[in-house]
Amino acid sequence: MEVNSLEILSFTRFGLRLKLHMNIKNLKKLVKVIISVIARVMPLKKQIIFSNFYGKLPGDNPYYIWKWAEKHKIKSIWLVNDLEAARKKYGDYSFTEFVKYRGIRAFMALSTSQIWVDNVRKPWIPLKRTNQLYIQTWHGEPLKQIEKDAISSLDNLYLQWAKNDSQALDYVISGSDLSANAFLNSFWLESGKEKILQIGEPRWDLFNRTKVTDYSAINSALGLSSDDKVILYMPTFRDSKMDNEAIKLDFDKLISLFDSSYKLILRLHPNISPTFLNTDNPRIVNASQFGNPQDIIARSEVMITDYSSSMFDAMIANKKVILLAKDLDRYLNNNRKLYLEYRALPFPKFYSENEMQSFIENQLNNEKNFDYSGFIRQHRFIQEYQATERIGQVILDRLNNTGKKKCI
């Protein structure tokens, strides 16, 4: 018989037997509360605890802060679902320990680590201590409305997580006025402007064109030669699985529009199965399970997307961005509302494959079609490529107990 409750027998002073049925889920909550209370008398450790998309392997903005911490020999703990995969892939990182996401050890580590870094809401969180610092990096400049602004699209449990998370965070990282303004309202921070660190995103730092980037590891992972040019197709997901059919294109036709030096890389959103798009064309690579998409953006010449905020990453990287919105009206009606008018975005936009194909054949080499300078100025996108170092200084200030909070 499946055990889903704990029966405790006890006797009162009057000799009456009582039965207390405690749900296992509630028992775990009780254990976490007890651990949190006990941990508050333990000294904080000079270490950083990282998480990425609810326990996925290291990635996104936290990944680049972690690389900085490793370089500075600061102890790090990563909360991951797949311990074996993490240890196999990152076993040579001397100052890092991997701990099971949402386990008791993870909860204890959160209770005793001086720095927290995450890119999504924490669904469970211990009582934050006075000298702990929580940096919320988020996961991109939002085009789609999020959190409080998308309250009708989110369930009540998630909204409670989000509110608890906002109460605990010390800083949220922003790369533009677009995200700063969105975070102030959607994160319930209307009176907390000092919590917005508008310094750029750590994942943008690798787009610094003054530095030479070695792409040999990416080439090896994706089966590319150093001479290959890359078109990246990176659509977002739809809330309805049926609507995701819109991301399927005539990929054979698309790659045929480019000369033989080009390869088409498919990178699906993490919420979509990596096997959703299948192709046996040797010029097409499904890289949906590849690590950080920013690495592929940096390696590419052209990016095609629809409603993904990754368009802003490619813009910061100065890539040619093409938007294909075959289902715009349906998307706006069935999914999230947008912070910006879609048709006002600074990229070439098309609403059918035929239109996009014609543009690629006739207009792709016209650089005037890819001038984003006015949009970047209007929304004050940060292109200093120093976000990781500046966040690192915030962390060092806290670890060294200087009492400082900001580096700007």
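Couple of notes before you dig in:
- Close amide H pairs (under 5 Å, H built 1.01 Å from N) link Val321 with Met303, residues at least 5 positions away or on another chain.
- Zone residues, segment 61-87, relative to Lys211, backbone N less than 17 Å from point 7 Å out along Cα-to-Cβ: 61-73
- Helix 353-363 and the longest principal axis of the Cα set of the chain meet at an angle near 60°.
- FRET E, pair Ala168, Lys46, Förster distance 22 Å, beta-carbon r, rounded to 0.05: 0.65
- Computed about its Cα centre, the charge dipole of segment 153-223 is approximately 160 debye, with only Lys, Arg, Asp and Glu carrying charge at their Cβ.
- Under the combined filter of DSSP loop state and at most 10 neighbouring Cβ atoms within 10 Å, segment 62-154 retains these trypsin sites (Lys or Arg not before Pro): Lys73.
- Cα-derived Rg over Rh, computed across segment 42-150 with Rh taken as Kirkwood radius: 0.96
- Of Lys122/Lys337; Lys46/Lys195; Lys100/Lys144, pairs whose Cα-Cα distance is over 26 Å: Lys100/Lys144
- Listed residue (Gly374, Ile265, Met311) projecting farthest to the positive dipole end of segment 231-388, Cβ model: Gly374
- One chain, two ends: Leu332 and Asn219. Fully extended at 0.36 nm per residue, the span grows by 37.0 nm beyond their Cα-Cα distance.
- Dipole of segment 78-210, positive end: most advanced residue of Ile151, Gly175, Gly200 [Cβ charges, Cα centre]: Ile151
- Cα-based reach from Lys349 at 16 Å (exclusive), listing aspartates and glutamates while leaving out same-chain residues under 8 positions away: Asp306, Asp327, Asp329, Glu341, Glu361, Glu367, Asp371
- Backbone N atoms of segment 187-218 closer than 12 Å to the 7 Å Cα→Cβ label point of Thr130 are not found in any residue.
- Heavy atoms of Ser352: accessible area, 1.4 Å probe, square angstrom to 10: 40
- The angle between the Cα long axis of helix 24-39 and the main principal axis of the chain comes to about 80°, on a 0 to 90 degree scale.
- Between the helical axis of 177-186 and the longest alpha-carbon principal axis of the chain there is an angle of about 30 degrees.
- Taking Cα centre as origin and charging only the Cβ of basic (Lys, Arg, +1) and acidic (Asp, Glu, -1) residues, the dipole magnitude of the chain rounds to 2280 debye.
- Length gained on full extension, Ser152 to Asn400: 85.0 nm, using 0.36 nm per residue less the C-alpha separation.
- Percent of beta bridges antiparallel (DSSP, the chain, rounded to nearest 5): 15
- Taking the chain and dividing mean pair separation by its residue count, relative contact order in percent (alpha carbons under 8 Å, at least six apart): 14
- Global form of segment 194-321, assessed from the alpha-carbon gyration tensor, a/c cut-off 1.5: oblate
- Length released on extending from Ile104 to Asp252, taking residue separation times 0.36 nm less the Cα-Cα span: 48.4 nm
- Distance-filtered residues of segment 302-345 - backbone nitrogen under 17 Å, label point 7 angstrom along Ser373 Cα→Cβ: 315-320
- Convex hull volume per residue for the chain, taking Cα atoms only, in Å³: 187
- Each Lys and Arg Cβ is given +1 and each Asp and Glu Cβ -1; about its Cα centre, segment 45-102 then shows a dipole of about 200 debye.
The values are calculated or read from the model by the stated rules, or taken from the named source; none is laboratory data. The structure presented is a predicted model; accordingly, all values stated were derived computationally and were not measured. Methodologically, a virtual Cβ is constructed for each residue, glycine included, from the backbone with ideal geometry; neighbour enumeration extends over all protein chains shown. We work out accessible area using only protein heavy atoms, side chains counted, and drop any ligands, DNA or RNA first. Shrake-Rupley method; radii C 1.70, N 1.55, O 1.52, S 1.80 Å.
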